[in-house]
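The values are calculated or read from the model by the stated rules, or taken from the named source; none is laboratory data. Worth saying up front: this structure is predicted, and the values here are computed from it rather than measured. Here Cβ is always computed from backbone atoms with ideal geometry, including for glycine, and neighbour counts include all displayed protein chains.
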C-alpha cells in the first residue's frame with residue numbers, strides 16, 4: 001500500500017534547484033534552499049545524514065518553509081562527507097553532499113591567555129610543514145592529522161606543555177612512516193577547554 005507520507009508524482013516530474021554550503025566546520029548552521037518551477041518550494045522534505053541513520057553522527061529531517069528554506073544546527077564529530085537529500089511531490093529527488101572540513105575554527109580565552117593555532121606553512125606543502133600554536137595556560141595538548149575521509153593519519157603531539165608559543169614540523173608521513181599521498185589534510189589542535197583545526201594541502 002505504501003507510506004501515505006511519501007511524496008507521489010501526480011504529473012510528469014520536474015527538476016528542482018537546491019543550494020546549500022559545499023563545506024562547513026563543525027558545529028554549524030546549515031540552510032538548504034529549494035526552488036521549484038514557480039519559485040521557492042514550500043513543503044519539500046530535506047534530510048542531512050552523516051553515518052548510519054540509526055547510529056550515525058547526523059540524521060536530521062526537516063521541511064522547507066514558505067521561502068523554500070530549511071535550517072539545521074549540526075555537530076558532526078568527524079570530517080568527511082555529509083549527504084543532503086531533498087524530495088517533493090512532482091519533482092525529481094535531489095542528492096548532494098557537504099564536506100565537513102574541521103572543527104571549531106575559533107580562538108578562545110584560557111584562564112591566563114589566548115589559545116590559538118596558525119595555518120600550516122607552507123601550504124601547499126611538498127616535503128614538510130611547520131605548525132605553530134599557542135597554549136593559553138599549561139596543560140595537555142594534542143595535534144592530530146586526519147584525511148578527508150575522517151581517518152586518523154598520524155598523531156603529531158600528545159603531551160603536557162607549558163603556557164606560551166610552540167611549534168613543530170610535520171614531515172608529511174603517516175603513523176606507519178610512509179609518505180602521505182597528495183590531498184587535503186586537517187590538523188586538529190586540542191587543549192584544555194579548546195579545540196580548533198586547520199587544513200593543509202599536500203602536493204607530490
Yes or no: residue 65 closer than 20 Å to residue 14 by Cα and out of contact with any strand residue (DSSP E or B) (no Cβ under 8 Å at 6 or more places or on another chain)? yes
Any idea which of (1) more than 17 Å from residue 193 (Cβ to Cβ); (2) surrounded by 19 or more Cβ atoms within 10 Å (Cβ to Cβ); (3) at pLDDT below 90 is the one residue 136 doesn't satisfy? (1)
In contact (Cβ under 8 Å) with a residue 40 or more places away in the chain, in a strand (DSSP E or B) and closer than 27 Å to residue 82 by Cα: is that true of residue 187 in this structure? yes
Select from segment 12-33 the residues that are in contact (Cβ under 8 Å) with a residue 60 or more places away in the chain and buried (at least 18 other Cβ atoms within 10 Å of the Cβ) and write down the one among them that is farthest from the chain's Cα centre (by Cα). 16
Quick one: in segment 83-120, which of the residues that are crowded, with 17+ Cβ neighbours inside 10 Å and closer than 17 Å to residue 165 by Cα is modelled with the highest pLDDT? 120
